[in-house]
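Single-structure report; data block below.
The numbers here are math on the coordinates, done by the rules we state, and not lab data. Computed from a predicted structure; not experimentally measured. Counting neighbours? That spans all protein chains shown, and the Cβs are built from the backbone with ideal geometry, glycine included.
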Amino acid sequence: MVLSPNNNAMLLISAIIPSAGFGTRMGNVKKPYIELAGKPILAHTLEKFQQCQSVNNIIIVTAKGDEQRCANEIIESFNISKVIDIIAGGNTRQESVFNAIQKLIPDTDIVVIHDAVRPFLTEKMIIESIENASLYGSAIIAVPVKDTIKEANENKLVLKTLDRQKLWMIQTPQAFKYDIIKQAHIQAKNRNIQATDDASLVEFIGLDVKLVMGSYDNIKITTPDDLVVAKTILGTKTNI
């Protein structure tokens, strides 16, 4: 349960899980359905939201034509009862998320957006992102950069070394007040702005985004190498 910081009223929390990618870097295999420790990656992810009492409902965005497969192989097989809709995605992740935003319950207070193929999120991440979004309007999970980062030109010549102390690797979940993320997506669509994450769209409309400490284990499984890392992480965990 998450309470409003202003009047202690219970907040209505909706989660959006984009799951419509085609997995080109995974050899054109649909990543959400790849098995990890005996169950699809998407099932691992959804179970974290199912178990989190702060989350009221879930919308899944899947590849067009996979709606029934998702319902049968994931939702029914693993008893994910919080899912209220499975919808088809758009041509980009951004379009897919916007499709889901338009399907949200109008009384939604906070929207939590999380990559389907980040199965190592924790309930703590979900709750802290929600709590910070309720205070700041927008909050995203992130970890400090470990390596030295250099900016280069198109010829791969170094332009400058960036200050590592100010750099963060952005992850999901990302949480937003409903009206903020809806307006950010509408303005992006109207202005033909494309971004790689939802927080960037909030930045484009001039609003602050709060960073919340995540985990280096909270990887996005995108390539075959990531699967190897994921199996290593699984070997050190007992809660997934």
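Below is a table of values for the structure above.
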| item | result |
| --- | --- |
| First in the range 72-93 and over 16 Å from ILE41 (Cβ atoms), second anywhere and of a type in the set (D, E, K, R), Cβ under 8 Å, 6 or more apart | ASP85/LYS103; ILE86/GLU67; ILE87/GLU67; ILE87/LYS103; ALA88/LYS64; ALA88/GLU67; GLY89/LYS64; GLY89/GLU95 |
| Single match in ASP197, ASP208 (criterion: within 15 Å of the chain's Cα centre (by Cα) and charged (D, E, K, R)) | ASP197 |
| Flag if ALA139 is surrounded by 14 or more Cβ atoms within 10 Å (Cβ to Cβ) and of a type in the set (Gly, Ala, Ser) | yes |
| Which listed residue, of VAL202, VAL209, is more than 21 Å from LYS124 (Cα to Cα) and not charged (D, E, K, R) | VAL202 |
| Selection count, the range 188-220, where residues are in contact with a strand residue (DSSP E or B) (Cβ under 8 Å, 6 or more places away or on another chain), surrounded by 14 or more Cβ atoms within 10 Å (Cβ to Cβ) and either without any contact (Cβ under 8 Å) to a residue 24 or more places away in the chain or not charged (D, E, K, R) (or both) | 9 |
| Residues located in the range 152-187, provided they are surrounded by 17 or more Cβ atoms within 10 Å (Cβ to Cβ), under 16 Å from ASP115 (Cβ atoms) and without any contact (Cβ under 8 Å) to a residue 60 or more places away in the chain | GLN171, THR172 |
| Complete set of residues in the range 144-201 that are of a type in the set (S, T, N, Q) and assigned to a strand (DSSP E or B) | THR161, GLN171, THR172, GLN174 |
